[in-house]
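Structure record follows, encoded as structure tokens.
The values are calculated or read from the model by the stated rules, or taken from the named source; none is laboratory data. As the structure is a prediction and not an experimental result, all values here were calculated from the model. Methodologically, a virtual Cβ is constructed for each residue, glycine included, from the backbone with ideal geometry; neighbour enumeration extends over all protein chains shown. To get the accessible areas, we keep the full protein, side chains included, count just its heavy atoms, and leave off ligands, DNA and RNA. Shrake-Rupley method; radii C 1.70, N 1.55, O 1.52, S 1.80 Å.
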Amino acid sequence: MGIANEHSIAYGCATAFRDMGAELAVTYLNQKAEPYVRPLAEKLGAGMTMPCDLRQPGELEAVIDAIRERWGRLDFLLHSVAFAPREDLHARVVDCSAEGFALAMDVSCHSFIRMTKLAEPLMTGGGCLMTVTFFGAEKVVEHYNMMGPVKAALESSVRYMAAELGGKGIRVHALSPGAMATRAASGIDRFDELLARTAERAPTHHLVTVEDIGPCAAFLASDAARQLTGLTLYIDGGYHIVG
């Protein structure tokens, strides 16, 4: 969940999943997004392509119901979705509205908890649930603003759900890519400056790409990672280790 175009983190992950033999279900936000996403889903050979706006009651449940009907089980799920109202995202944390903060928390964090609850009964043989976070959850990143606290809540949720579901063989992880040019990230104020600063400070001196992230997600979804859970996996050229 979360493909908007070919530059989306979710698309890079879906490509890697497909290359490792997965059968995929792909969602798109709404009718406006469908013409951009459906050709990518067809390129991936997705067995299902459905709308899923997490703000609309019932749409997530409809996707899970369709998966239950078609496959009867689910091996992994990727949640690559975040949203905050622009006026709140561009404001200081102390100035963001209660309504904007609640909406950002619902779409960017609690939706992953809802997905996990719905997916759990389909993961009868174990499985892997993944979401996408950012270093701004751990340290203050200029202009990331209210999404920092929201992503911090998401990462904490990953740890608690990993502890709760581990006995069923269900693993939960957060992927933490470095700053990269995606459609979602473009809403951050002065994002070009963040990209330049990231490339300069990362030990590798390179920005990550969706092609870098996908294989890491595919590894976590595979049996090779069956003893790993509750991770926040940094895929950022080492940016997070620099003081």
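A quick yes/no check of all residues on (1) buried (at least 16 other Cβ atoms within 10 Å of the Cβ); (2) modelled with pLDDT of 95 or more; (3) within 15 Å of the chain's Cα centre (by Cα); (4) closer than 17 Å to Ala4 by Cβ:
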{"site": "Cys52", "(1), (2), (3), (4)": "yes, yes, yes, yes"}
{"site": "Ala62", "(1), (2), (3), (4)": "no, yes, no, no"}
{"site": "Ala66", "(1), (2), (3), (4)": "no, yes, no, no"}
{"site": "Arg70", "(1), (2), (3), (4)": "no, yes, no, no"}
{"site": "Asp75", "(1), (2), (3), (4)": "yes, yes, no, no"}
{"site": "Leu78", "(1), (2), (3), (4)": "yes, yes, yes, yes"}
{"site": "Val81", "(1), (2), (3), (4)": "yes, yes, yes, yes"}
{"site": "Asp88", "(1), (2), (3), (4)": "yes, yes, no, no"}
| note | In region 150-197, residues that are over 30 Å from Thr124 (Cβ atoms) and either modelled with pLDDT of 85 or more or not β-branched (Val, Ile, Thr) (or both) total 22
| request: Select from region 191-227 the residues that are open to solvent by 60 Å² or more (accessible area, probe 1.4 Å) and of a type in the set (S, T, N, Q) and write down the one among them that is farthest from the chain's Cα centre (by Cα). | output: Thr204
| request: Please verify whether region 171-190 includes one or more residues that are outside any loop (DSSP other than H, G, I, E, B), of a type outside the set (Gly, Ala, Ser) and open to solvent by 70 Å² or more (accessible area, probe 1.4 Å). | output: no
| said: Just to be sure before I move on: is Ala137 within 22 Å of Met161 (Cβ to Cβ) and in contact with an Asp or Glu (Cβ under 6 Å, 6 or more places away or on another chain) in the structure I sent? | reply: yes
